[in-house]
Amino acid sequence: MKLDLLTSLYVFMLAAFIGFEVIRRVSPLLHTPLMSLTNALDAIAVVGAILLAGEYHAHGAMLAKILGTIAIVAATSNIVGGFLITDRMLRMFKASGPKKP
Amino acid sequence: MTNLPGVENIIEITYLIATALFILSLKWLSSPATARRGVFAGELGMLLAIAGTLLHRGIVEYKWIVIALMLGTIIGVPLGKVAMTAVPQRTALSHAFGALCVTLVGTAEFYLRAPDVPRFMMGVLSLEVILGSLTFTGSLMAAGKLQEVLPQRPITYKGQNIINLGLLGVAIVVAGMLVAHPEKTQLFPLIVGIPLLFGVMMIIPIGGADMPTVISLLNSYAGLSAAAMGFVLDSKLLIIAGALDGASGFILSVNMSKAMNRSFSNVLFGAFGQEQAAAATKQEARPVRSATPEEAAAILAAANKVVIVPGYGMAVAQAQHKVRELYDALTKRGVDVKFGIHPVAGRMPGHMNVLLAEADIPYDKLLDMDEINGEFPQTDVALVIGANDVTNPAARTDASSPIYGMPILDVDKARTVMVIKRTMGAGFAGIENPLYYLDKTLMLFGDAKSFVGSIVRELGGGHE
């Protein structure tokens, strides 16, 4: 248990560093899509919600089911909406190519 | 964990691949050329992770999961199709949904595990629930203000910061008590309820122009609460996704606070919109030069190099498509047209870029502040559309100005400055803008959309 915890802290630290390095390079041009994309990725919390709603619980099963189900709805709407709008925005970014009007 | 080793391993491998895809997704987002591939990588990762999770042997009932997934999709599709002008409030709303998910899962986990919750677990669980619930109501409030169902003006009162920090302090103390005595389950509702209230109080003093910082900050909180949830559930995938989101929000918050010349602690403690009261005093009538669309068109047509500086006013007037016609008309005449975009222009980071890209303006013409500022001295005309404080030269020269020290777009260094503005009224911060009284400045009074339209007509372009 204790070792697991330490591993998790290492994972968090490394991921935070990767996040800083990768996201620092994102052009300010794309900061709005960046926010909607990270939001969609963040909705991976749906994984926890699915297990909460679906697993067997000896007590508190009703609570887990209700809260878990609402949580899945909230996260899924972020996944679907987030990816959709990010892609829509990115499709609009065009370079001034040769077919300039 | 009585899963068969085989299934267990498959699930873990889908999580591992999903993690890699998430990181690649953000890496590819760094350039517009590869960005769409980034979205695809993210989608694939998400699909794999969800499919992997559904394989879990521990899941005994699928009915509600399937219904919830479908319902979420039904809600998500329209949220993915909102107009580009509504993207800031949509983003705030999605932060609220993310935070809601995290808070609900955290709450359920507590009641499932109580009374014997290990200390560290209780600590991260508290962090998850506190951050989650304050982000939930805070983001709902922000979305409400952006959608203008709530008053946009900041509402301040005496002792506001003390009350707010006090609320947060109480929540943290209660969390501390729970860490010491996790069996006191009656305390748990407090660390949900108080932050819910705090989220509302935190956004009350925030005005529209501070929204870019606030949205970034809420983005960061949403990420951190998800990472905390990862600790509680021992899910590396969730820890990593949360950390990435938290880092992203943090970087954007720092960018935004730098662009407004506020210290990060000022931002962190929600002391937004405090400094405005001092301004708006010396309102004497000074002469300004104004011009008609014909005059403006003549000057623009004679220019070699024009820089357009858009602000939130352009979005409000929905003028971006007219601006595109102006861009076309000038480009056709051989004028070099670029756009100078301040980091806090608009209501969220990158807001102006999205609106202009939607209007089909090529992204290589959209330059951020550091790229464009060196070009103003060689610029014939700087055309300011619906921006105010971010062009205020007092930020450079007047140490008594409330925005002194804030990095601005140096439009006053251009040979001629044109400002499209409805009236002479002061901007959001109530600060007088000396730019308007310069000899080289021409004020173009009117609605941004119709004024730009008139200029376009004069230039012989447009589709009328």
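The values are calculated or read from the model by the stated rules, or taken from the named source; none is laboratory data. Predicted model, so just to flag it, every value in this text is computed and none were measured. As a convention, Cβ positions derive from the backbone with ideal geometry for all residues, glycine included, and neighbour counts pool all protein chains shown.
Restricting segment B:346-368 to residues that are among the charged types (D, E, K, R), in contact (Cβ under 8 Å) with a residue 12 or more places away in the chain and assigned to a helix (DSSP H, G or I), the residue that is surrounded by the most Cβ atoms within 10 Å (Cβ to Cβ) is B:Glu358. Just one of (1) over 18 Å from the mean Cα position of the chain (by Cα); (2) modelled with pLDDT of 90 or more; (3) surrounded by fewer than 24 Cβ atoms within 10 Å (Cβ to Cβ) fails for B:Leu140. It is (1).
Scanning segment B:68-110 for residues that are surrounded by fewer than 19 Cβ atoms within 10 Å (Cβ to Cβ), facing chain A (nearest Cβ under 8 Å) and outside any helix (DSSP H, G or I) yields B:Lys81, B:Val82.
Can you find a residue in segment B:304-312 that is assigned by TED's automatic domain parsing to the domain that holds B:Gln147 and modelled with pLDDT of 70 or more? Looking for residues that are assigned by TED's automatic domain parsing to the domain that holds B:Gln147 and modelled with pLDDT of 70 or more, one finds none in segment B:304-312, hence no. Annotation: B:Thr416 fulfils all but one of (1) at pLDDT 90 or above; (2) at positive phi; the unmet one is (2). For the residues B:Tyr15, B:Tyr62, the requirement of being facing chain A (nearest Cβ under 10 Å), out of contact with any strand residue (DSSP E or B) (no Cβ under 9 Å at 6 or more places or on another chain) and touching a residue at least 60 places away in the same chain (Cβ under 8 Å) singles out B:Tyr15.
The residue of segment B:370-419 that is nearest to B:Asn255 (Cα to Cα), among those that are of a type in the set (Val, Ile, Thr) and in a helix (DSSP H, G or I), is B:Val390.
If you check B:Ala20, B:Ala35, B:Ala41 for being under 30 Å from A:Ala95 (Cα atoms), more than 9 Å from chain A (Cβ to nearest Cβ) and surrounded by 17 or more Cβ atoms within 10 Å (Cβ to Cβ), only one passes: B:Ala41.
So, B:Asp364, is that one more than 14 Å from every other protein chain (Cβ to nearest Cβ) and over 11 Å from B:Val307 (Cβ atoms) or not? No; evaluated as a whole, the condition is false for this residue. In segment B:156-275, counting only helices (runs of 4 or more DSSP H) that sit wholly within it, the ones holding 3 or more residues that are buried (at least 20 other Cβ atoms within 10 Å of the Cβ) and in the same structural domain as B:Cys101 (by TED's automatic domain parsing) span B:160-180, B:188-203, B:211-233, B:236-259. Has segment A:84-100 got at least one residue that is buried (at least 24 other Cβ atoms within 10 Å of the Cβ), over 22 Å from B:Pro362 (Cβ atoms), at the interface with another protein chain (Cβ under 7 Å from one of its Cβ atoms) and hydrophobic (A, V, I, L, M, F, W, C)? Scanning segment A:84-100, I find no residue that is buried (at least 24 other Cβ atoms within 10 Å of the Cβ), over 22 Å from B:Pro362 (Cβ atoms), at the interface with another protein chain (Cβ under 7 Å from one of its Cβ atoms) and hydrophobic (A, V, I, L, M, F, W, C), so the answer is no. Return a yes/no flag: does segment A:1-16 have any residue that is facing chain B (nearest Cβ under 7 Å), under 17 Å from the mean Cα position of the chain (by Cα) and buried (at least 22 other Cβ atoms within 10 Å of the Cβ). Yes.
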